[in-house]
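Just below is one structure, and these are the notes that go with it.
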Amino acid sequence: MNSETTTELATLGGGCFWCLEAAFVQLAGVESVVSGYAGGRMQNPDYGSVCGGDTGHAEVVEIRFDPAVIDYRTLLQAFFAIHDPTTPNRQGNDVGTQYRSVIFTHGAEQERIARELIAELSAAKIWPAPIVTAVSSAPTFWPAEDHHQNYFANNPEQSYCQFIVAPKAAKLRKLFAARLKR
């Protein structure tokens with residue numbers, strides 16, 4: 001059986017894609033994480049257009065994972081652990097619809113799991129405000145420009161990486177220590 005039939009996709013947006021990529025790439029079972037754009041009106045969007053806020057796209061990551069090693073629910077638990085799902089169109093100082101919290105599902109089973117987890121987290125009242133994470137079918141995914149891929153790994157000394165990305169990656173390492181790549 002080839003790897004195409006043994007892996008699944010998850011498409012998630014929760015603020016800057018550099019943060020999400022740096023966190024998810026650490027998890028065992030995650031085969032690749034690609035930063036990109038989804039959910040907008042423009043064909044072949046670019047970073048400047050998306051950051052302008054007029055295309056309707058969210059910054060997202062497309063995660064290819066092996067469900068025999070890490071399941072979709074665990075990926076979503078990590079997603080909710082590393083961003084604030086209660087702030088519409090905002091993560092920290094990153095403000096705009098491109099930074100919205102969104103789960104783009106690949107099929108009915110992913111949608112079911114996402115909605116169930118959101119209901120469980122909402123009932124647990126983990127955050128002081130309601131979860132605003134949108135759940136919808138995965139639209140076209142547009143990979144971001146090459147210099148946005150592996151951004152944290154390639155730019156660890158950049159100030160945004162040190163003060164914003166690194167803490168999120170560290171939080172994932174702490175909370176999901178048993179799930180990290182060895």
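The values are calculated or read from the model by the stated rules, or taken from the named source; none is laboratory data. No experiment lies behind these values; they were computed from the predicted model shown. Positions of Cβ are generated from backbone atoms using ideal geometry, with glycine treated the same way; all protein chains shown enter the neighbour counts.
Tabulated data for the structure shown
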quantity: Boolean, A114 is in contact with a helix residue (DSSP H, G or I) (Cβ under 9 Å, 6 or more places away or on another chain), assigned to a helix (DSSP H, G or I), in contact (Cβ under 8 Å) with a residue 12 or more places away in the chain and crowded, with 17+ Cβ neighbours inside 10 Å; calculated: yes
quantity: So T11, is it hydroxyl-bearing (S, T, Y), touching a residue at least 40 places away in the same chain (Cβ under 8 Å) and surrounded by 15 or more Cβ atoms within 10 Å (Cβ to Cβ); calculated: yes
quantity: Strands (runs of 3 or more DSSP E) enclosed by the range 1-80 - at least 2 residues per element that are within 26 Å of E116 (Cβ to Cβ), modelled with pLDDT of 95 or more and of a type in the set (D, E); calculated: 58-65
quantity: Search result, residues across the range 94-111 that are free of Cβ contacts under 8 Å to residues at least 24 places away in the same chain and assigned to a loop (DSSP other than H, G, I, E, B); calculated: G107
quantity: Filter result (within 19 Å of I63 (Cβ to Cβ) and either without any contact (Cβ under 8 Å) to a residue 40 or more places away in the chain or among the aliphatic types (A, V, I, L, M) (or both)) within the range 131-153; calculated: A134, V135, S137, A138, A144, D146, A153
quantity: Neighbours by Cβ (under 7 Å, 6+ apart or cross-chain): first from the range 73-93, on the phi < 0 side of the Ramachandran plot; second surrounded by 15 or more Cβ atoms within 10 Å (Cβ to Cβ) and of a type in the set (S, T, Y); calculated: H83/S101; P85/S101; P85/T133; R90/Y99; Q91/Y99
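Matching residues to (1) surrounded by 18 or more Cβ atoms within 10 Å (Cβ to Cβ); (2) of a type in the set (S, T, Y); (3) more than 17 Å from W127 (Cβ to Cβ); (4) touching a Ser or Thr at 6+ places or on another chain (Cβ under 8 Å):
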site: R41; (1), (2), (3), (4): no, no, yes, yes
site: A68; (1), (2), (3), (4): no, no, yes, yes
site: P85; (1), (2), (3), (4): yes, no, no, yes
site: G96; (1), (2), (3), (4): no, no, yes, no
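To keep it simple, each residue is scored yes or no on (1) out of contact with any Leu (no Cβ under 9 Å at 6 or more places or on another chain); (2) at pLDDT 95 or above.
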position: G96; (1), (2): yes, no
position: H106; (1), (2): no, yes
position: A114; (1), (2): no, yes
position: L121; (1), (2): yes, yes
position: N150; (1), (2): yes, yes
position: C161; (1), (2): yes, no
position: A166; (1), (2): yes, yes
position: A170; (1), (2): yes, yes
position: R173; (1), (2): no, yes
